[in-house]
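Have a look at the structure below before the remarks.
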Amino acid sequence: MEKKNQEKQEVSTGMKLCRALGVILVLAAIAYIIWGGDFDGKGIVGYVDDFMVFMAAFTFAHGSFQRPERRYIRRQLYMLSSLFALLALCWVIMLAFIQ
C-alpha cells in the first residue's frame, strides 16, 4: 500500500481555547465529585450525577485533544459530552425534588 502524504493541519486558536476549557472542566468535575454539598442520594443513586458530570467533562476534553483531521470523531465526542451533561442536569433536578 502506498503511504499517503498528508500534511498535518495547524491547531486553530479556537481549538486551543477548547483544549484549555476541557482541562478546566475536567478539574471542575473532579472538584464536584470531591465536594460533599451536592444532592447525593442513598447508595448508588447519589453517584450517578457525579459520573455523568465527569463523563461530560472528560468526553469534551477528549474531543478537544483530537487531531484537527478527525472532525467527525470530535463532533461525535462533543455530542456525547452534551448528552452526558443533559443527563447530569436531569439527574440533579430529579435528586433535588426527591429529597
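The values are calculated or read from the model by the stated rules, or taken from the named source; none is laboratory data. Just so it is clear, the model here is predicted, and its values are computed rather than measured. Cβ atoms come from the backbone with ideal geometry, glycine included; neighbour counts cover every protein chain shown. Each accessible area value is taken on the protein alone, full model and side chains, heavy atoms only, with ligands, DNA and RNA left out. Shrake-Rupley method; radii C 1.70, N 1.55, O 1.52, S 1.80 Å.
Summed over the residues of region 48-99 and divided among them, the accessible surface reaches 63 Å² per residue at a probe radius of 1.4 Å.
Suppose R0 equals 22 Å. What FRET efficiency, 1/(1 + (r/R0)^6) with r the Cβ-Cβ distance, do ALA20 and SER82 give to the nearest 0.05?
Values: r = 19 Å, r/R0 = 0.86.
Efficiency computed from Cβ-Cβ geometry: 0.70.
Exposure check, 1.4 Å probe, all protein chains in place: LEU83 carries approximately 90 Å² of accessible surface. Put TYR32, TYR72 in order of accessible area, highest first, and with a 1.4 Å probe you get TYR72, TYR32. With the Cα gyration tensor of the chain giving a ≥ b ≥ c as the square roots of its eigenvalues, does the rule (a/c under 1.5 for rounded; else a/b larger than b/c for prolate; else oblate) give rounded, prolate or oblate? Judged from the Cα gyration tensor, the chain comes out prolate (a/c at least 1.5, a/b above b/c). With the simple spin-label model, which puts each label point 7 Å out from Cα in the Cβ direction, the ILE73 to ALA96 separation comes to 3.7 nm.
The angle separating the long axis of helix 71-98 from the principal Cα axis of greatest extent in the chain is about 10 degrees.
A 1.4 Å probe, protein heavy atoms only, puts the accessible area of SER64 near 0 Å². Highest GNM mean-square fluctuation among ILE30, ILE73, ILE44, for the chain modelled with Cα contacts below 10 Å: ILE44.
Per residue of the chain, the DSSP helices (runs of n ≥ 4 H) give a summed -39500 (n - 2.57) that works out to -25000 deg cm²/dmol at 222 nm.
If you filter region 7-90 for trypsin sites (Lys or Arg not before Pro), then keep DSSP loop positions with at most 15 other Cβ within 10 Å, what is left?
Values: sites: LYS8, LYS16, ARG19, LYS42, ARG70, ARG71, ARG74, ARG75; in loops: LYS8, LYS42, ARG70.
Listed in order of number, the matching sites are LYS8, LYS42, ARG70.
In the chain, a dipole from Cβ-located charges (positive for Lys and Arg, negative for Asp and Glu) runs towards its positive end, and of ALA57, ILE33, THR13 it is THR13 whose Cα lies farthest in that direction.
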